[in-house]
Amino acid sequence: MHRIKSSDPWTDTNLKMKALGTASGNTLDVCTGLGYTAIALADQPTVDRVTTIELDPSIVNIQRRNPWSRRLFENPKIDRKVGDAVELLPTIPDQSFSTIVHDPPALALCNELYTLDFYHQLRRTLKPSGKLYHYVGDPASKESGRLFRGIMDRLKQAGFQKVKRADGAFGILAR
C-alpha cells in the first residue's frame, strides 16, 4: 500500500527506503503492488537480488500496463513470484534475506498477513542481523494507530529484538 493523501507513490517509496536505510544482499518484498519498493530496492548497488511476492494476478496485469512498473519485468535482479505469501514463505529456506519489506493491504482485507504465525515466518527467513520494514499506515489515523501496538507486540513475540515505529514512513522497523 502507499499513501494517497499528501504524497505520491515515489515520495512514499523514498520515505520507506530512507526509514529502512541501506539494504544489501538478498531482499524480499511481500505484497508487491505496483512494484515501486522492489524497483527501489533493486536500484541499490548493495542489493544482489529482490524476490517479490504478489497474490493477485490482476495486479500483475496492472504492473505490465503501468509504465512506472516496467522495471519489475526488465531488471534481472528482480525475481517475481505470484502466489499467496502465507503459502510461499514456508517453502523459503531459513535466513534467506538480509532485508524484508512487508507492505500488506489493510488488515480487514488480509488478516493472515498480520498474524503471529506469519511474523514467525518473516523472522525465520530473515538473517539474524537482517531488518524488516512493515508498512502499517498513518499513525495519526484511528485504525492504524491501534494497529501499531498489536503489530509491534506480535513482532516481538515472533523473535524480533528491536522493534520501533517509523512514523514518517508510516511503518515499523524491526531487527
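The values are calculated or read from the model by the stated rules, or taken from the named source; none is laboratory data. Being a predicted model, the structure only gives us computed values, none of them experimental. Virtual Cβ from ideal backbone geometry, glycine too; neighbours counted across all protein chains shown. For accessibility, only protein heavy atoms count, side chains too; no ligands or nucleic acids. Shrake-Rupley method; radii C 1.70, N 1.55, O 1.52, S 1.80 Å.
A few notes on this one:
- Of all residue pairs spaced 6 or more apart or on separate chains, those with beta-carbon atoms under 6 Å, a first member in region 136-158 that is on the phi > 0 side of the Ramachandran plot and modelled with pLDDT under 95 and a second member that is among the hydroxyl-bearing types (Ser, Thr, Tyr) and in a helix (DSSP H, G or I) are 137/144.
- The set of residues in region 41-53 being farther than 16 Å from residue 125 by Cβ and open to solvent by 20 Å² or more (accessible area, probe 1.4 Å) consists of 43, 44, 45, 46.
- Qualifying residue in region 135-148 (condition: of a type in the set (Gly, Ala, Ser) and under 23 Å from residue 94 (Cα atoms)): no
- All positions within region 112-128 that are open to solvent by 10 Å² or more (accessible area, probe 1.4 Å) and either basic (Lys, Arg) or outside any helix (DSSP H, G or I) (or both): 115, 123, 124, 127, 128
- Condition met for residue 109 (open to solvent by less than 50 Å² (accessible area, probe 1.4 Å) and more than 14 Å from the chain's Cα centre (by Cα)): no
- Contacts under 8 angstrom Cβ, first residue in region 118-130 being over 17 Å from residue 151 (Cα atoms), partner open to solvent by less than 50 Å² (accessible area, probe 1.4 Å) and assigned to a helix (DSSP H, G or I), 6 or more apart: 125/89
- The set of residues from region 64-106 being acidic (Asp, Glu), open to solvent by less than 70 Å² (accessible area, probe 1.4 Å) and either in contact with a helix residue (DSSP H, G or I) (Cβ under 8 Å, 6 or more places away or on another chain) or on the phi > 0 side of the Ramachandran plot (or both) comprises just one member, 103.
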